[in-house]
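Shown next, in structure tokens, is the structure this report addresses.
The values are calculated or read from the model by the stated rules, or taken from the named source; none is laboratory data. A quick note: this is a predicted structure, and the numbers were derived from the prediction, not measured. Positions of Cβ are backbone-derived with ideal geometry, glycine not excepted, and every protein chain shown enters the neighbour counts.
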Amino acid sequence: MNTDQKLTTIRSVTLGVPDLDAAARFYDDAFGLGERLQLESSNEPTGGFRGFTMSLVVAQPADVVHLFDAAVAAGATVLKPAEKSLWGFGGVVRAPDGTIWQMASEAKKDTAPATHRIEHVVLLIGADDVSASKRFYSERGLEVAKSIGGYVDFDMEASPIGFGLYKRRALAKTVGVADDGSGAHRILIHGDAEAFVDPDGFAWAQVSDASDT
């Protein structure tokens, strides 16, 4: 590793999908994430939980419901309905390509009409050994903002996409699926450090500036 190239940001993620046209229609209709999300055709063998989730953080429950309903209308499968919880309000769906998406708000009450505005996009990786993965990413430049038990939130304030680690079994339970899985993750993460593969097999590619996404 070149220590001069510290990892500080995630510019975008690329999802491998079996039907490129169908996936493009789904994501345009459901979320509209622009340059933060890219798609590529992939038939790599994969099964069960792929070890990661994408989260869309919004301002209020009405916005969660708005995005959740848009995703379901576009063809997503409900894993957990949009509802109030101890920590806020949220729901979980599986996109037609198999990617799991969480929609969440810390707020429990609405203060304005529903919008499609997404405050933050966050990638969560389910790590087999959270402590080891935390060290791995810290050595590559990421600073820890919060670390509680089996959960790590990295300081990604200036990044288009946030990033965190969660114990694999706990993450699977959170989104309502079994934690077993095999084959490809079908995701490529675009950061600002040189390319690498992390301890859980997630591949990162380097982009030099925002125009490369």
Selection from the range 168-184 of residues assigned to a loop (DSSP other than H, G, I, E, B) and either among the aromatic types (Phe, Trp, Tyr) or closer than 22 Å to residue 91 by Cα (or both) yields 176, 177, 178, 179, 180
When the range 122-157 is checked residue by residue, the ones that are within 17 Å of residue 192 (Cα to Cα), out of contact with any Gly (no Cβ under 6 Å at 6 or more places or on another chain), outside any helix (DSSP H, G or I) and touching a residue at least 60 places away in the same chain (Cβ under 8 Å) are 123, 140, 141, 142
Any idea which of (1) over 16 Å from residue 124 (Cβ atoms); (2) loosely packed, with under 15 Cβ neighbours inside 10 Å; (3) out of contact with any helix residue (DSSP H, G or I) (no Cβ under 9 Å at 6 or more places or on another chain) is the one residue 141 doesn't satisfy?
-> (2)
Which numbered condition residue 116 misses (of (1) farther than 29 Å from residue 60 by Cα; (2) touching a residue at least 40 places away in the same chain (Cβ under 8 Å); (3) in contact with a Phe, Trp or Tyr (Cβ under 9 Å, 6 or more places away or on another chain)) | (1)
Residue within the range 1-9 that is of a type in the set (S, T, N, Q), at pLDDT 95 or above and not in a loop (DSSP other than H, G, I, E, B) present | no
Considering only the range 147-171, state which residues are at pLDDT below 95 and under 25 Å from residue 33 (Cβ atoms).
-> 156, 157, 158
Within the range 41-78, track down each residue that is part of a strand (DSSP E or B), touching a residue at least 60 places away in the same chain (Cβ under 8 Å) and over 21 Å from residue 108 (Cβ atoms).
-> 46, 47, 48, 52, 53, 54
When residue 22 is evaluated against the numbered criteria (1) crowded, with 21+ Cβ neighbours inside 10 Å; (2) outside any strand (DSSP E or B); (3) aliphatic (A, V, I, L, M), which criterion, by number, is the only one it fails?
-> (1)
Note on the range 160-201: residues more than 18 Å from residue 133 (Cβ to Cβ), surrounded by 15 or more Cβ atoms within 10 Å (Cβ to Cβ) and acidic (Asp, Glu) are 192
Within the range 34-41, can one find any residue that is of a type in the set (Ser, Thr, Tyr) and either closer than 23 Å to residue 174 by Cβ or buried (at least 17 other Cβ atoms within 10 Å of the Cβ) (or both)?
-> no
Breaking point among (1) touching a Leu at 6+ places or on another chain (Cβ under 9 Å); (2) in a strand (DSSP E or B); (3) farther than 23 Å from residue 83 by Cα, for residue 190 = (1)
Would you be able to say whether some residue in the range 81-94 is under 21 Å from residue 34 (Cβ atoms), assigned to a strand (DSSP E or B) and among the aliphatic types (A, V, I, L, M)?
-> yes
Matching residues in the range 96-105 - criterion: being in contact with a strand residue (DSSP E or B) (Cβ under 6 Å, 6 or more places away or on another chain), part of a loop (DSSP other than H, G, I, E, B) and not acidic (Asp, Glu) | 99
In the range 99-128, anything surrounded by fewer than 17 Cβ atoms within 10 Å (Cβ to Cβ) and touching a Lys or Arg at 6+ places or on another chain (Cβ under 9 Å) is listed as 108, 128
